[in-house]
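Enquirer: One structure, pasted below without further comment.
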Amino acid sequence: MFSALANRRRFSDLSEREVLALAISSEEDDARIYRSFAERLRAEYPATATVFDGMAEEEDGHRKALIERHRARFGEVIPLIRREHVAGFYARKPMWLSANLSLAAIRAEAEAMERTAGAFYVQAAKHTTDAATRKLLGDLAAAEARHERHAETLTEDNLTGAAKTAEDTSAHRQFVLTWVQPGLAGLMDGSVSTLAPIFATAFATQDTHTTLLVGLAASVGAGISMGFTEAAHDDGVISGRGSPLKRGLASGVMTAVGGLGHALPYLIPDFWTATAIAMVVVFVELWAIAWIQNRYMETPFFRAVLQVVVGGALVFAAGALIGGG
């Protein structure tokens, strides 16, 4: 890695021809990225895909204009120089890191691409003493600014209010199905189902260390079980619920968190202090579950509270009675 960094050229050391070649390769890369975004989004978000198709065509136009300028000034042979060859030049994320970006994240990434390209050319022009190179960089900055304005026009033409609303609604629904629903199921299972073993152990032994161990075992075990179950029972192809890995992760982690919330207070040596804090944590957990149901699942808030509180109270009572008996 350090060898690669050491072998990079400084931007100030590039010739005007190399700067032009760098701009050509950068425009080509950005066009490919936009086409990749469009291909990925076409099935679910056709309006946004059309926007990215148009942005890719704009990048192609910039590249062709830059090639013509290079041909007129320096001939047919374009030096091979890319972003990664230049120290301090703005970088693009590898496409495999963008594969799981949400619709909003992809739009933001595209905006950042245009902004960083334009900003780099502007800053580079300020630090260049050669008049011809300074003019070239200024022209490139202006081209990026025009591209950004044209991208806004493409968005207005293709991504109407109704289309954007429909796509945002679809993206929100996918987020709920992939992350919120499995996570909520895990949080409910972890918060409610572990109440009985933890508080049964607590009241039966009145020993905080033993209760803590049982709580840790119940929480972690339930998290692993819920995670594998969620990932294995539905691959998401037919149901459209998204990646089984994401759903399993959301369900497993939130299950463990739900149980650990009222297990960790038993790190406190005093039994009644730990139990009182655990009860407060249970109240917070149940309230959070009701809020998530209301916020994302559109369950009426008071009905969600009633369901969660009644269920939690019954399980807690079962645990306390069994432990006390």
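The values are calculated or read from the model by the stated rules, or taken from the named source; none is laboratory data. These figures come from a predicted structure and were not determined experimentally. Positions of Cβ are generated from backbone atoms using ideal geometry, with glycine treated the same way; all protein chains shown enter the neighbour counts.
Enquirer: Can you give me the number of residues within the range 265-300 that are of a type in the set (D, E, K, R) and modelled with pLDDT under 85?
Expert: 2
Enquirer: Please identify the pairs in which a residue from the range 216-235 that is basic (Lys, Arg) has its Cβ atom under 9 Å from the Cβ atom of a residue that is assigned to a helix (DSSP H, G or I), counting only partners at least 6 apart or on another chain.
Expert: Sorted first by the residue in the range 216-235, then by its partner, the list stays empty.
Enquirer: Also, I was wondering about something else. Give me the pairs, please: first residue somewhere in the range 63-90 and in the same structural domain as Thr116 (by TED's automatic domain parsing), second residue anywhere and part of a loop (DSSP other than H, G, I, E, B) and at pLDDT 80 or above, beta-carbon distance under 8 Å, and either six or more positions apart or on two chains.
Expert: Between residues of the range 63-90 that are in the same structural domain as Thr116 (by TED's automatic domain parsing) and residues that are part of a loop (DSSP other than H, G, I, E, B) and at pLDDT 80 or above, the close pairs are Ile67/Ile78; His70/Ile78; Ile81/Leu14; Val86/Leu14.
Enquirer: If Thr205 meets every condition in (1) more than 21 Å from Gly242 (Cβ to Cβ); (2) at pLDDT below 85; (3) surrounded by fewer than 20 Cβ atoms within 10 Å (Cβ to Cβ); (4) touching a helix residue (DSSP H, G or I) at 6+ places or on another chain (Cβ under 9 Å) apart from one, which number is that one?
Expert: If we test Thr205 against (1) more than 21 Å from Gly242 (Cβ to Cβ); (2) at pLDDT below 85; (3) surrounded by fewer than 20 Cβ atoms within 10 Å (Cβ to Cβ); (4) touching a helix residue (DSSP H, G or I) at 6+ places or on another chain (Cβ under 9 Å), just (2) comes out false.
Enquirer: Can you spot a residue in the range 33-42 that is in the same structural domain as Arg134 (by TED's automatic domain parsing) and closer than 18 Å to Ala145 by Cα?
Expert: For the range 33-42, residues in the same structural domain as Arg134 (by TED's automatic domain parsing) and closer than 18 Å to Ala145 by Cα: present.
Enquirer: Okay, next question. Do we find that Glu76 is out of contact with any helix residue (DSSP H, G or I) (no Cβ under 7 Å at 6 or more places or on another chain) and at pLDDT 90 or above in this structure?
Expert: Here the answer is yes, as Glu76 does meet what is asked.
Enquirer: Could you check, for the range 259-278, whether at least one of its residues is in contact (Cβ under 8 Å) with a residue 24 or more places away in the chain, charged (D, E, K, R) and in a helix (DSSP H, G or I)?
Expert: no
Okay, residues lined up against (1) surrounded by fewer than 16 Cβ atoms within 10 Å (Cβ to Cβ); (2) at pLDDT below 75; (3) part of a helix (DSSP H, G or I):
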position: Arg107; (1), (2), (3): no, yes, yes
position: Ala110; (1), (2), (3): no, no, yes
position: Phe120; (1), (2), (3): no, yes, yes
position: Ala124; (1), (2), (3): no, yes, yes
position: Ala143; (1), (2), (3): no, yes, yes
position: Thr153; (1), (2), (3): yes, yes, yes
position: Asp157; (1), (2), (3): yes, yes, yes
position: Ala166; (1), (2), (3): yes, yes, yes
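Enquirer: Just to be sure before I move on: is Ala31 farther than 18 Å from Leu137 by Cα, assigned to a helix (DSSP H, G or I) and not basic (Lys, Arg) in the structure I sent?
Expert: Against the criterion (farther than 18 Å from Leu137 by Cα, assigned to a helix (DSSP H, G or I) and not basic (Lys, Arg)), Ala31 qualifies.
Enquirer: Something else now. Can you tell me which of Ala232, Ala162, Ala171, Ala218 is under 29 Å from Ala318 (Cα atoms) and either at pLDDT below 85 or of a type in the set (A, V, I, L, M, F, W, C) (or both)?
Expert: Being under 29 Å from Ala318 (Cα atoms) and either at pLDDT below 85 or of a type in the set (A, V, I, L, M, F, W, C) (or both) holds for just one of Ala232, Ala162, Ala171, Ala218, which is Ala218.
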